[in-house]
Amino acid sequence: MNGMHGMDDDDLFGEEDFDDREFDDDLLEEELRRAAAVLDPVPAVLQQIAVDAYALHDLDTRVAELTFDSLVDALPVRGVADVPRMLTFRAGGVTVDVEVTERGLMGQVLPPQPARIEVLGGPRPGFPLTADDLGRFTTDVPLSGPFALRLRTGGDVVVTEWLRA
């Protein structure tokens, strides 16, 4: 007894009346899905983005791993403002070096080769870039929010990890 009018802890929390067999996980999940659909529905535009992203899914696409990020891997330089963010991605034999500034980005595909590049930007449609014969590309469109790059070099498709600008 705990002194609360003769009730013990099991009575207080209803533990002795709880039966695991009465708890239906599938029913609970369905009820939560219905509640979410009513209280917090997915916007139609977001559903369309998800469908488009799946439709563009290419089974031959390789994901380029982020191997260097100056925000994480470089030592900060005192007194220097507006330091560009340097990124390096690798997928197989392809390396992509990217410099991101407030004014946009520039980069190079290595080994040097022409490439079609699409800057993906979350819910916004991507915008295309072209790398020259030396693999260089640039844009003066500032990045904001999450972004990734999709590169098409010859027959290969490479997509970088998503990062926040």
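Some points to look at:
- Residue count, the stretch 124-152 (criterion: open to solvent by less than 40 Å² (accessible area, probe 1.4 Å) and within 16 Å of R164 (Cβ to Cβ)): 5
- Among the residues of the stretch 35-44, some residue qualifies, meaning at least one is farther than 30 Å from G121 by Cα, of a type outside the set (F, W, Y) and at pLDDT 80 or above.
- The stretch 110-123: number of residues that are open to solvent by 50 Å² or more (accessible area, probe 1.4 Å) and modelled with pLDDT of 90 or more: 6
- Matching residues in the stretch 137-165 - criterion: being in a loop (DSSP other than H, G, I, E, B) and among the hydrophobic types (A, V, I, L, M, F, W, C): V141, L143, W162, A165
- In the set G126, G79, G107, only one residue is modelled with pLDDT under 90 and either closer than 30 Å to A44 by Cα or part of a strand (DSSP E or B) (or both); that residue is G126.
- Residue in the stretch 95-102 that is open to solvent by 60 Å² or more (accessible area, probe 1.4 Å) and over 22 Å from S70 (Cα atoms) present: no
The values are calculated or read from the model by the stated rules, or taken from the named source; none is laboratory data. In this text the structure is predicted, and so the values were computed from the model without any measurement. A quick note on method: Cβ atoms are made from the backbone with ideal geometry, for glycine too, and the neighbour counts reach across all protein chains shown. Areas reflect the complete protein model, heavy atoms only, side chains present, ligands, DNA and RNA absent. Shrake-Rupley method; radii C 1.70, N 1.55, O 1.52, S 1.80 Å.
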